[in-house]
Amino acid sequence: MEHHLAASAERADYLVELSNVVRQTSIGPRGPRSLRRLGLVLRALMELTGDPDVSVYLVADTSLLGGHREFGDPDEVRRLRRWVADGLVEEVGDADERILELARMTGTRVVTGDQYVDHRGEHPWIQGNTWQFLRPEPRPDQRVALVPMDMGVRTEAEISRRMELSALKKQGLLGPSRTPLTDVIMRAWSCPEPRCTLYDLHRGDRILLPRIRRGVPTCELHGVRLTDVGVRPAGAQLKVVIDGGCVARYTLDEGSEAYVGRLPGPEGIALHSLLSPEIAARVSRRHVAVSARGGTVLCRDVSSYGTRMRHAGRRGGPGPWEKLPPGADRPFRPGDEVELAPGVVLTRSGRRFPAELADAWRAEAARTPVPPTAAAPTRRV
Ligand SMILES: [Zn+2]
């Protein structure tokens with residue numbers, strides 16, 4: 001196999017996400033990890049290109065060799081270590097990030113089974129791509145076919161859900177059967193190191209989720225056990241979108257309620273300066289009430305003209321518009337849209353409240369079969 005392995009991405013014909021291929025249990029021998037799966041992919045590439053010297057650049061997560069006990073054959077582990085030492089495998093903390101960076105820079109095609117949904121915010125070029133990513137698939141003759149993946153276009157809501165999902169996974173905040181450790185996520189934490197602001201809700205610019213080490217919430221930087229300082233206060237971000245463009249953002253604190261309308265009064269979100277006179281005439285002074293309670297956000301129509309709402313679809317586009325029943329609170333989730341008048345829409349940013357995060361995780365766990373290895377980033381399509 002060695003003569004196919006390039007020492008630099010620029011010189012390779014293909015990029016291969018090695019961790020992903022080695023763990024793809026639908027091809028090649030039984031067992032959670034096998035290097036022979038790479039052999040099958042190389043053979044498929046020779047067939048595809050007609051080039052017996054086709055070359056690949058391999059990128060792997062450090063966890064690939066970290067979990068060396070999952071390889072059935074210790075010779076494969078030795079061989080892989082030698083490749084790493086010889087610079088034939090680039091070993092990095094996060095292979096997804098590195099692969100996408102190289103793919104974007106070089107335009108080289110990638111062999112992987114990953115859809116990279118959680119990376120599409122940073123790499124919008126993946127959206128709608130139908131040629132650059134090839135997925136290994138088993139063939140009836142025990143060989144492997146490389147099938148170009150239609151990456152499709154994922155909604156902003158789905159991308160941010162996926163980003164949250166992988167953020168939790170990285171922090172070890174996933175319990176058995178892929179459910180989030182709600183009791184940790186819902187609490188606020190503090191590092192005993194006096195100058196550490198990584199978890200401080202009042203002093204830090206960016207608040208980290210605690211990392212779980214040996215079952216204990218731990219400071220990323222100082223490696224010490226974090227102190228529980230109570231329930232995590234949350235805020236939901238609301239966006240006002242007029243004719244498709246976001247014109248204003250507001251933060252709604254847990255336990256608060258705000259009226260949104262033309263001129264809702266103090267503590268409200270006033271839209272009059274953002275609206276044309278014709279549209280303003282169709283928006284009530286107080287049009288909807290938005291409240292954040294118990295970690296979820298609710299929306300209530302209080303207008304004289306009526307309000308419509310549509311929910312984010314499971315995938316692809318939004319669902320149908322529905323009239324909000326006047327005076328009744330309805331869940332208002334990330335990705336949902338509330339329309340006050342034609343072209344005047346209230347949405348929530350992709351960030352979820354901790355309670356919603358936990359719900360989303362439960363739904364996700366129910367939909368997605370548990371992968372054979374909990375650490376495998378692969379999501380079969
Ligand atoms: Zn610390």
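Odds and ends about this structure:
- Note, ³J(HN,Hα) from phi for segment 133-148, Karplus 6.51, -1.76, 1.60, rounded to Hz, x at Gly and Pro: 10, 10, 9, x, 10, x, 10, x, 8, 6, 8, 10, 9, 10, 10, x
- Once backbone amide H atoms are built at 1.01 Å from N, His287 has Val260, Gly261, Arg262 as its partners under 5 Å, excluding neighbours fewer than 5 places away on the same chain.
- You can think of it this way: the chain between Arg78 and Thr130 has 15.1 nm of extra reach, that is 0.36 nm per residue less the Cα-Cα gap.
- Protein accessible area in the chain, 1.4 Å probe - carbon and sulfur %: 51 percent
- For segment 2-148, the gyration tensor built on C-alpha atoms gives a rounded shape. Its axis ratio a/c (a ≥ b ≥ c) stays under 1.5.
- Here's the thing: no lysines lie within a cross-link span of Lys239, going by alpha-carbon distance under 19 Å and ignoring same-chain residues fewer than 8 apart.
- Listed values for segment 321-335 are Karplus-derived 3J(HN,Hα) couplings in whole Hz (6.51 cos²θ - 1.76 cosθ + 1.60, θ = phi - 60°), namely 5, 10, 6, 6, x, x, x, 10, 6, 10, x, 10, 9, x, x, and x replaces Gly and Pro.
- At full extension, Asp141 and Leu274 could sit 41.5 nm farther apart than now, given 0.36 nm per residue minus the alpha carbon distance.
- Surface accessible to a 1.4 Å probe, per residue, for the residues of the chain, Å²: 49 Å²
- Annotation: the antiparallel percentage among DSSP beta bridges lying fully within the chain is about 75.
- Dividing the radius of gyration of the alpha carbons in segment 75-131 by their Kirkwood radius gives 1.05 for Rg/Rh.
- Length available on full extension from Val247 to Lys169: 0.36 nm per residue minus the Cα-Cα distance, which gives 24.7 nm.
- Projected label points at Ala85 and Tyr305, each 7 Å from Cα along the beta carbon direction, are separated by 7.4 nanometres.
- Magnitude of the charge dipole, the chain, Cβ model with Lys/Arg +1 and Asp/Glu -1, debye to 20: 920 debye
- Among the cysteines of the chain, those with no neighbouring cysteine Cβ under 4.7 Å are Cys246, Cys299.
- Shape category assigned to segment 235-350 from the gyration tensor of Cα positions, a/c cut at 1.5: rounded
- What the Cα convex hull of the chain gives, in volume per residue, is 170 Å³.
- Positive-end residue of Ile126, Val297, Gln171, charge dipole of the chain with Cβ unit charges: Val297
- Amide H contacts under 5 Å for Val229: Ala188, Trp189, Ser190, restricted to partners 5 or more places along the chain or on a different chain, H placed in the peptide plane at 1.01 Å from N.
The values are calculated or read from the model by the stated rules, or taken from the named source; none is laboratory data. Note that the coordinates shown come from a computational prediction; the quantities given were computed from them, not determined experimentally. Cβ sites come from the backbone with ideal geometry, for glycine too, and all protein chains shown count toward neighbours. Areas reflect the complete protein model, heavy atoms only, side chains present, ligands, DNA and RNA absent. Shrake-Rupley method; radii C 1.70, N 1.55, O 1.52, S 1.80 Å.
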